[in-house]
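What follows is a set of notes on a single structure, which appears directly below.
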Amino acid sequence: MSFTTWISNPKIQLEDLRLRTKAQSYAFGRRVYTFQVDQQRYWLKFHQTNDQPVLAQAFQRELAFYRRCQQPEQQFLLPFQMLPLRHLINELDQDGIGVITVDSYDFFAEAPIFENIEQIRQKISLALDALDALHQFGWVHGDLKAEHFRLYGHSCRLIDFEQCFRVGQPMQSLDATPHYMAPELFHGASKSIQSDLYALGIIVYEWLIQSRLKASTYHDWAVLHCQQLYIQLPIEFEPFLSLLNGLTQKHVKQRFNSVLAAKTSLNAIDLSQK
C-alpha cells in the first residue's frame, strides 16, 4: 500500500502507535509518535495548541517549509504528508496539522572503515548533496545535527526544519545547538550557509573519529569552538583533513562559502596511495 493510498483511507488502522517524545519536549507541548501501516514504519510530529509559544511557532515554521516543498517534491526530503490530526488519530482528540514522514536510518550510524575509504568519500559526498539541494532551494537549515541526516534508499535526506529560513533573510532569534554552533554565532552573528557548513564539518569530524566533542556549559562550548577546536584525524583518514579544515575554519571569510567549494575539496583528495 502506497503512502498516499493509505492516507486517503478513513478506515486505515495505525499499528504499534508509540509516543517517542522526550520528557522535556513533551512538557512543552511537542508530540512525536511512530506507527506502522502495512509493515512500513512512519513518524508523526505535531505541536499541541497554545503550549509553549516559541516551540509552537517553530513547528508552524516547519509546516510552512513543508508546504513550500510539496510542488515539486524536493529530493533532500523524506517522503512526507501533512494532514489534520483528527483525520489520522481520532483518539488523540487533537486539532491542528501533523507532519508524517517515512521511517529512515541514521545516515552516520555506521562507523567509517579504513578499507572502504572511497566509500567514506562517497558517503560524505551524499551528505553534501543533500545540504546543497537545500541551499539551492534557497534555504538555510539552521540547526544541523548528526541525527538530522537520514539514510533513505541510497540517498541522504534531511529532517527537522523548525529553525530554517530563506537565504539572505536570517532570523537572529532562532535557537541553536551549542554542540554544532559556528564561532560567529557565539558573537551574535546571524546563521548562514557557512554556519550550516561548519555544523556539517563537526558532524563529519565526529563520525570519522568515532567520538563526540564534550563541553559542560554554553560558555565551555563557546571557548571550544572559538578558541580550542583543533582538527586531528587518525592517520588513515588524514586525506580528509583539508576538507574538514575548510568546513570548520573559525573565521567566516576563511571557511568554505558553499557546498560546491566543499565538494571541490572532497573530489580533489588523492586516495591512490590509500
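The values are calculated or read from the model by the stated rules, or taken from the named source; none is laboratory data. Fair warning: this is a prediction, and the values are worked out from it, not measured in the lab. Positions of Cβ are generated from backbone atoms using ideal geometry, with glycine treated the same way; all protein chains shown enter the neighbour counts. To get the accessible areas, we keep the full protein, side chains included, count just its heavy atoms, and leave off ligands, DNA and RNA. Shrake-Rupley method; radii C 1.70, N 1.55, O 1.52, S 1.80 Å.
Below, the figures for the structure above:
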item: Extension reserve of the Gln60-Ser25 stretch, reckoned as 0.36 nm per residue once the Cα distance is removed; result: 11.0 nm
item: Rounded if a/c under 1.5, otherwise prolate or oblate - region 88-205, Cα gyration tensor axes; result: oblate
item: Range of Cα positions in region 164-208 per principal axis (Å), largest first; result: 33, 19, 14
item: Distance violations [Cα-Cα > 19 Å] among Lys214/Lys253; Lys22/Lys191; Lys22/Lys214; Lys123/Lys263; result: Lys214/Lys253; Lys22/Lys191; Lys22/Lys214
item: Carbon + sulfur, % of accessible area of region 111-253 - ligands and nucleic acids excluded, 1.4 Å; result: 50
item: Within region 11-135: Cβ-based charge dipole about Cα centre, in debye rounded to nearest 20 (Lys, Arg +1; Asp, Glu -1); result: 420
item: Under-5 Å amide H pairs with Phe149, H placed in peptide plane, nonlocal only; result: Phe107
item: Rg ratio (alpha-carbon, reference 2.2 N^0.38 Å) - region 153-241; result: 1.19
item: Computed lengthening from Glu115 to Glu147, 0.36 nm per intervening residue step minus Cα-Cα distance; result: 9.0 nm
item: Global geometry of region 208-274, whether rounded, prolate or oblate, following the gyration tensor of its Cα atoms and the 1.5 cut on a/c; result: oblate
item: For region 37-155, diffusion coefficient by Stokes-Einstein and Kirkwood Rh (Cα), 20 °C, 1.002 mPa s, µm²/s; result: 131
item: Cβ crowding within 10 Å averaged over residues, with 224-232, 151-159 ranked highest first; result: 151-159, 224-232
item: Options [x] 54, 42, 32; [y] 64, 54, 39; [z] 59, 40, 34 - which one matches Cα extents along the principal axes in Å as calculated here; result: [z]
item: Helix runs (DSSP H) in the chain reaching 20 Å along axis by Cα, Kyte-Doolittle at least -0.5; result: 53-68, 117-137, 193-209
item: Antiparallel %, DSSP beta bridges [both residues in the chain], to 5; result: 95
item: Relative packing of peptides 96-105, 35-44 - highest average C-beta neighbours within 10 Å first; result: 96-105, 35-44
